[in-house]
Amino acid sequence: MRPIRSPLSLAGLLAVAAATTALTGCVVAPPRQQVVYTSPPQVQPQPIYAEVAPPPPPPEVVSVAPAGYFWVSGIWLWEGGRHVWRPGHMEAYRPGYHWQPHQWVPSGRGWQLRGGFWAPGR
């Protein structure tokens, strides 16, 4: 006697096979953990000297700082024998430190860039 193949059982078998194949690709992965590396606060950097005074700062658009942040004004740096503008940016407060802003001051060697670092205290 020959077994009888029903078209319904073949369709059911194909449906189960298709569902199994589709579901094997479904994996629930745990959310990726975001790791943020921060550098320790920089203490007084090496002095930078320029031969000429920096130009006046260009206008900057300062937006409202999000909670825990403040605006650090842009600064003229001395690179390759000329002043190069670095725009301002938002900076996060660092507990136990306070920001010493950049400033150019006349010195015996031309102009010296001071500040621009996190100092302990306050």
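Computed values, structure above
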read-out	value
Residue order, fewest to most surrounding Cβ atoms within 10 angstrom, among TRP99, TRP71, TRP104	TRP71, TRP99, TRP104
Cβ-Cβ FRET estimate between PHE117 and ALA67, R0 fixed at 30 Å, reported to 0.05	0.80
Least to most buried among LEU77, LEU113 (fewest other Cβ within 10 Å first)	LEU77, LEU113
Two-site label geometry, GLU79 and GLU91: point separation in nm, points 7 Å out along Cα→Cβ	1.8 nm
Rounded if a/c under 1.5, otherwise prolate or oblate - segment 49-120, Cα gyration tensor axes	oblate
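All of the numbers you see were taken from the coordinates with simple rules; none came from a lab. Since this is a predicted model, take the numbers as computed values, not measurements. Glycine gets a Cβ as well: all are built from the backbone with ideal geometry, and neighbour counts include every protein chain shown.
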